[in-house]
1. Determine whether LYS98 is of a type outside the set (Gly, Ala, Ser), closer than 26 Å to TRP120 by Cα, in a helix (DSSP H, G or I) and in contact with a Ser or Thr (Cβ under 9 Å, 6 or more places away or on another chain).
2. When you look at VAL110, is it under 18 Å from the mean Cα position of the chain (by Cα), in a strand (DSSP E or B), modelled with pLDDT of 95 or more and among the aliphatic types (A, V, I, L, M), yes or no?
3. Output the residues belonging to the stretch 129-145 that are surrounded by 14 or more Cβ atoms within 10 Å (Cβ to Cβ) and either without any contact (Cβ under 8 Å) to a residue 40 or more places away in the chain or out of contact with any strand residue (DSSP E or B) (no Cβ under 9 Å at 6 or more places or on another chain) (or both).
4. For the subset of the stretch 1-48 comprising residues that are hydrophobic (A, V, I, L, M, F, W, C) and without any contact (Cβ under 8 Å) to a residue 40 or more places away in the chain, which member is nearest to ALA111 (Cα to Cα)?
5. Report, by residue number, each residue of the stretch 113-128 that is outside any strand (DSSP E or B), surrounded by fewer than 22 Cβ atoms within 10 Å (Cβ to Cβ) and not polar (S, T, N, Q).
6. Select, from ILE97, ILE82, the only residue that is farther than 30 Å from VAL38 by Cα and exposed (fewer than 13 other Cβ atoms within 10 Å of the Cβ).
7. Keeping to the stretch 45-63, report how many residues are loosely packed, with under 14 Cβ neighbours inside 10 Å and closer than 30 Å to MET93 by Cβ.
8. Give just the number: which of (1) closer than 14 Å to GLU127 by Cβ; (2) at pLDDT 95 or above does ASP92 not satisfy?
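The values are calculated or read from the model by the stated rules, or taken from the named source; none is laboratory data. Computed from a predicted model, the values in this text were never measured in an experiment. Please note: Cβ atoms are built from the backbone with ideal geometry, for glycine as well, and neighbour counts cover all protein chains shown.
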Amino acid sequence: MLASVMRQFLHRLSIPTRGRGLLEVTAPIAKWVSEQKVTSGLLTIFCRHTSASLLIQENADPDVRADLEAFFRKLVPEGRAIYRHESEGEDDMPSHIKAALTNTQLSIPVAEGHLALGTWQGIYLFEHRDPPHRRELMLHLLGEG
């Protein structure tokens, strides 16, 4: 019996956003994972920002994304004099709170060379700021192949 070798890979993925909202990033992440030829392992995705976050969510019905965005706008309101931290505008502190309530890191199993996501699951970058930004995701893959 041959012993399999555990390998690890690291990649920085740069994602331009259009401003506030959920942006699906499953395709570029899945493409990178498949290029590494790992058959079994674990992918960690880390968002390198304090005003954006990551979600695994339904990718079939766009109403899910619209409802999530509306919910977070109601949950964490914007406005002058609500928060002390406003150095980058009214959306600054609410963006930090939304990032604190969601995830900045995800772990996804890799099975048979593919992300082991469910049928309707997608990976989303959740941009909490109004203006467009360039966000960085660090991908770390550990596995055997």
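1. Against the criterion (of a type outside the set (Gly, Ala, Ser), closer than 26 Å to TRP120 by Cα, in a helix (DSSP H, G or I) and in contact with a Ser or Thr (Cβ under 9 Å, 6 or more places away or on another chain)), LYS98 qualifies.
2. Judged against the criteria, VAL110 is a match.
3. Within the stretch 129-145, just ASP130 meets the criteria.
4. Residues of the stretch 1-48 that are hydrophobic (A, V, I, L, M, F, W, C), as a first pass: 1-3, 5-6, 9-10, 13, 15, 22-23, 25, 27, 29-30, 32-33, 38, 42-43, 45-47.
Filter again for without any contact (Cβ under 8 Å) to a residue 40 or more places away in the chain, leaving 1-3, 27.
Values: MET1: 21, LEU2: 19, ALA3: 18, ALA27: 16 Å.
Only one residue tops the list, namely ALA27.
5. Hits for the stretch 113-128 are GLY113, ALA116, LEU117, GLY118, TRP120.
6. ILE82
7. First pass over the stretch 45-63, keeping only residues loosely packed, with under 14 Cβ neighbours inside 10 Å: 48, 50, 60-63.
Among the residues that remain, those that are also closer than 30 Å to MET93 by Cβ are: 48, 50, 62-63.
The total comes to 4.
8. All conditions are met except number (2).
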